[in-house]
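Asks: Take a look at this one; I'll ask things after.
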Amino acid sequence: MQKYVQRNPSVLGAFLHFKNHQEVDVFKERYTLPESFRSPKLFRQKLQMIVDSAKTQLAPILRRAREGYIKPLAFTWEKNGGPEITLLLFPYFNESQKSGGTYLIGIFIDNMEYINDIVARKFTAMNDGELVFAVREKDTGVLHYFSEETDLEQFEKSEDLWIIPNLEIQIKVRGTTLNQISKKRAQTNLTFLIVVNTVLLLGVFYVLRNVWHEMTLARMKTDFVANVSHELRTPLALIRMFAETLELDRVPSEDKKRAYYRSIVGESSRLTQLINNILDFSKIESNKKEYKLEPADLSRLVRQTLEMYSFHLEQKGFQVTLDADSVLPEIRIDTEAIKQSLVNLLDNAVKFSTDDKSIKVSVHRHNQKVVVSVQDCGIGIAESEQKKIFEKFYRVESSLVHNTKGSGLGLNLVKKIMDIHNGQVTVESSPGKGSTFSLIFPINTNGA
Ligand code: ADP
């Protein structure tokens, strides 16, 4: 006890009070202590008063002490005027004691010393720079200690200072308030929630878009199969009919015969074109199509294609004019593929023209480009459809288009072929006024 009192600056003294009224006490030099310690009579009186007044509080604590649980009771020993002193009383239970087994331990603590020595040291050890602590007297509001000069109003949390009555610890977060922290956290959480929800919505949007896309594609494929079968069946039926009639020699005149032969040639070349489109399309889709790019004169190629196709055009009552530059730089192209593209454009011009059956084809150089255009005076294409018509299987949903035969592959194939040539296919069109499709070939950088 001697050592304990001497070593702790905040402990002024301690005593053991045995059940048989014997007492042992140890104090710091009495002359340094307040009046209540210096006169033994006064001291005894005061202590007796406190112990008497605390009888009801002490009873349960003594009971617990038997079970080994020790809890001190705190009393203000001295306050007004002089230094504040707290008396801690706790029972100690020991079976082997001759004194009856139970005795009271009392410790006198100098509050200010306790705050400055123990509490301050604890705060310093605990503090990682984030928190500011203060010790405050509850009823007067006087601050006895604070770890940093700060505005008392800003303290947001207070806790009793262990067993010392009337003192409390005040805590705040440095440079901010708990309110601000929770506001900031709420903001962060809200932002996070918004981001998560946006991602979720985007996900849902993409899934729905994909589903919609897949459904459209499935419908287009079904339409494609129906269209292609129809388109295959009609020319085949015609070829067969003409061939059978010719075979049975039932054709009355030579002119009629020639007309039949022409029809057979025409229909079979249309069949070839359709089948070529489908085969090329599937080859390109599976990356098996090979192109042979060789320097060629585009004007000549266009003229040859028109000649080859003229019979079919004339037969349908079309007038085709060609306007081509006489001198053009040679362009590296796959002639068969470009011919096929041109035939697809001409075929569309024929299919989607009504009364005005004129088609203008032109081949011109514009700066570093050579442009092949096919212009018709047909039904035209609405602005909103002009991008979509280059997608595979896409056909505009109008009654006139519905009545024409087609696979929806022609323009997609033209686009793919022009991509291979580092070129472009464009359309200018307005409904009712006709359309102009242009194949644009770059000079120099082309296809090499
Ligand atoms: P298809 O002609 O076999 O239907 P395409 O890919 O060649 O397939 O054309 C796609 C769609 O673009 C056509 O169904 C049609 O609606 C529209 N289209 C193409 N060319 C023309 C044109 N010259 N005039 C009007 N519409 C056209």
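Asks: Ile440 fails exactly one of the following numbered conditions: (1) more than 8 Å from the ligand (Cβ to nearest atom); (2) open to solvent by less than 50 Å² (accessible area, probe 1.4 Å); (3) assigned to a helix (DSSP H, G or I); (4) not polar (S, T, N, Q). What is the number of that condition?
Replies: Result: Ile440 fails condition (3) only.
Asks: Just for strands (runs of 3 or more DSSP E) wholly inside the range 74-189: which have at least 1 residues that are at pLDDT 75 or above and farther than 30 Å from Asp25 by Cβ?
Replies: Details: elements: 85-93, 102-110, 131-137, 143-146, 157-160, 167-173.
Here the list reads 131-137, 143-146, 157-160, 167-173.
Asks: Any idea which residue in the range 358-380 is farthest from Met215 (Cα to Cα), counting only those that are open to solvent by less than 80 Å² (accessible area, probe 1.4 Å) and not in a strand (DSSP E or B)?
Replies: Cys377
The rows are residues; the columns are (1) over 59 Å from the mean Cα position of the chain (by Cα); (2) of a type in the set (Ser, Thr, Tyr).
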| position | (1), (2) |
| --- | --- |
| Asp255 | yes, no |
| Lys283 | no, no |
| Ser286 | no, yes |
| Leu293 | no, no |
| Leu298 | no, no |
| Gln304 | no, no |
| Leu313 | no, no |
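Asks: Among the residues of the range 32-69, count how many are touching a Phe, Trp or Tyr at 6+ places or on another chain (Cβ under 8 Å) and open to solvent by 80 Å² or more (accessible area, probe 1.4 Å).
Replies: Qualifying residue count, the range 32-69: 2.
Asks: Enumerate the pairs (first residue in the range 324-335 and at negative phi; second residue anywhere and polar (S, T, N, Q) and open to solvent by less than 30 Å² (accessible area, probe 1.4 Å)) with beta-carbon separation below 8 Å, excluding pairs fewer than 6 apart on the same chain, so at least 6 apart or on different chains.
Replies: Matching pairs, first to second residue: Ala324/Ser299; Ala324/Ser362; Asp325/Ser299; Ser326/Ser299; Leu328/Ser299; Ile331/Asn446; Arg332/Asn446; Ile333/Asn446.
Asks: While we're on this one: Would you confirm, using the coordinates I've provided, whether Gly423 is closer than 20 Å to Val343 by Cβ, within 11 Å of the ligand (Cβ to nearest atom) and either among the hydrophobic types (A, V, I, L, M, F, W, C) or assigned by TED's automatic domain parsing to the domain that holds Thr305 (or both)?
Replies: no
Asks: Would you be able to say whether some residue in the range 337-352 is more than 23 Å from Thr222 (Cα to Cα), more than 16 Å from the ligand (Cβ to nearest atom) and open to solvent by 20 Å² or more (accessible area, probe 1.4 Å)?
Replies: no
Asks: Between Asn179, Asn189, Asn210, Asn197, which is over 27 Å from Asn116 (Cβ atoms) and open to solvent by 100 Å² or more (accessible area, probe 1.4 Å)?
Replies: Asn179
Asks: Something else about it: Given the criteria under 12 Å from Ile105 (Cβ atoms), free of Cβ contacts under 8 Å to residues at least 40 places away in the same chain and not assigned by TED's automatic domain parsing to the domain that holds Asn166, does Glu23 qualify?
Replies: Judged against the criteria, Glu23 is a match.
Asks: Restricting to the range 250-275, and then to whatever is closer than 30 Å to Leu411 by Cα and modelled with pLDDT under 85, can you tell me which residue is surrounded by the most Cβ atoms within 10 Å (Cβ to Cβ)?
Replies: Leu274
Asks: Exactly one condition in (1) open to solvent by 60 Å² or more (accessible area, probe 1.4 Å); (2) farther than 30 Å from Val350 by Cα; (3) of a type outside the set (A, V, I, L, M) is false for Gly203; which is it?
Replies: (1)
Asks: For residues that are within 6 Å of the ligand (Cβ to nearest atom) and either open to solvent by 60 Å² or more (accessible area, probe 1.4 Å) or more than 22 Å from Arg270 (Cβ to Cβ) (or both), tally how many sit in the range 381-413.
Replies: Residues that pass the stated criteria total 1.
Asks: Same structure again: From (1) more than 30 Å from Leu409 (Cβ to Cβ); (2) at pLDDT 80 or above; (3) not hydroxyl-bearing (Ser, Thr, Tyr), pick out the condition that doesn't hold for Phe205.
Replies: That leaves (1) as the condition not met.
Asks: What number of residues in the range 1-47 are part of a helix (DSSP H, G or I) and either closer than 24 Å to Arg121 by Cα or among the aromatic types (Phe, Trp, Tyr) (or both)? Break it down stepwise before answering.
Replies: Let us first name the residues in the range 1-47 that are part of a helix (DSSP H, G or I), namely 2-7, 30-32, 35-38, 40-47.
From what's left, either closer than 24 Å to Arg121 by Cα or among the aromatic types (Phe, Trp, Tyr) (or both): 2-7, 31, 37, 43.
Residues meeting the conditions: 9.
Asks: Something else now. Could you say which residue among Leu293, Leu313, Leu301, Leu342 is over 17 Å from His421 (Cα atoms) and not small (Gly, Ala, Ser)?
Replies: Of Leu293, Leu313, Leu301, Leu342, the one residue that is over 17 Å from His421 (Cα atoms) and not small (Gly, Ala, Ser) is Leu313.
Asks: Would you pick out the residues in the range 296-315 that are exposed (fewer than 12 other Cβ atoms within 10 Å of the Cβ) and modelled with pLDDT of 85 or more?
Replies: Within the range 296-315, just Glu307 meets the criteria.
Asks: Residue under question is Lys221, and the condition is that it be among the basic types (Lys, Arg), surrounded by 11 or more Cβ atoms within 10 Å (Cβ to Cβ) and part of a strand (DSSP E or B); does it hold?
Replies: No.
The values are calculated or read from the model by the stated rules, or taken from the named source; none is laboratory data. No experiment lies behind these values; they were computed from the predicted model shown. Ideal geometry is used to build each Cβ from the backbone, glycine not excepted, and the neighbour counts take in all protein chains shown. Protein only, heavy atoms only, side chains kept; ligands, DNA and RNA dropped before computing areas. Shrake-Rupley method; radii C 1.70, N 1.55, O 1.52, S 1.80 Å.
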